[in-house]
Amino acid sequence: MKEPTPGYSIQPVHDVLHVRLSGSWNHDQTFVYAVDYKKQVSRYFAREWVCVLNLQDLELLISEQEQIETFRALNTWSYIKGMIALCVVISPENRGHLLYQFEEILSDNQPYQKSIFYSDIEANQWLQKIGVLQPLFAGKQEQHNRQSA
């Protein structure tokens, strides 16, 4: 059976960098991703930002210790470049092997906040709790309250 082609998307939305990884990765794919990731992070020069790393479509991320070190180095570099939180979203289907891999990746001692979730809803709730995202429809509720007064 052929492994799924590795892929990724990196989309900055305001102060949140949304990253989605998919397929099975090798060393070369990790390197290409790291270069593109750094280009996108450069948008946040001198600002605080958050990374939401969605791994729900990921089959296998890491096969070599060097790849683990690359992702750890990216997290450290991201913190230096203003990342204040890392939110990892995984699925029940891939959590076994990914939790083990990401335990190693997230074991750095940088002071940014980090958490792992099993759904986008949980991740969004956490981001709201730490003050990164405003609740959905907050602007409409505020507008309604002003009209009622």
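By the beta-carbon count within 10 Å of each Cβ, the least crowded to most crowded order of Glu122, Glu59, fewest first, is Glu122, Glu59. Among the listed pairs Lys39/Lys81; Lys38/Lys129; Lys39/Lys129, those with a Cα-Cα distance over 20 Å are Lys38/Lys129; Lys39/Lys129. Stretching Asp15 away from Glu48 to a fully extended chain increases their span by 11.2 nm, per 0.36 nm per residue minus the current alpha-carbon distance.
Computed from the coordinates by the stated procedures, all read-outs in this text should not be read as laboratory data. Only a predicted model underlies this, so the values are computations on that prediction, with no experimental measurement involved. Cβ coordinates were reconstructed from backbone atoms using ideal geometry, including for glycine residues, and neighbour counts include every protein chain displayed.
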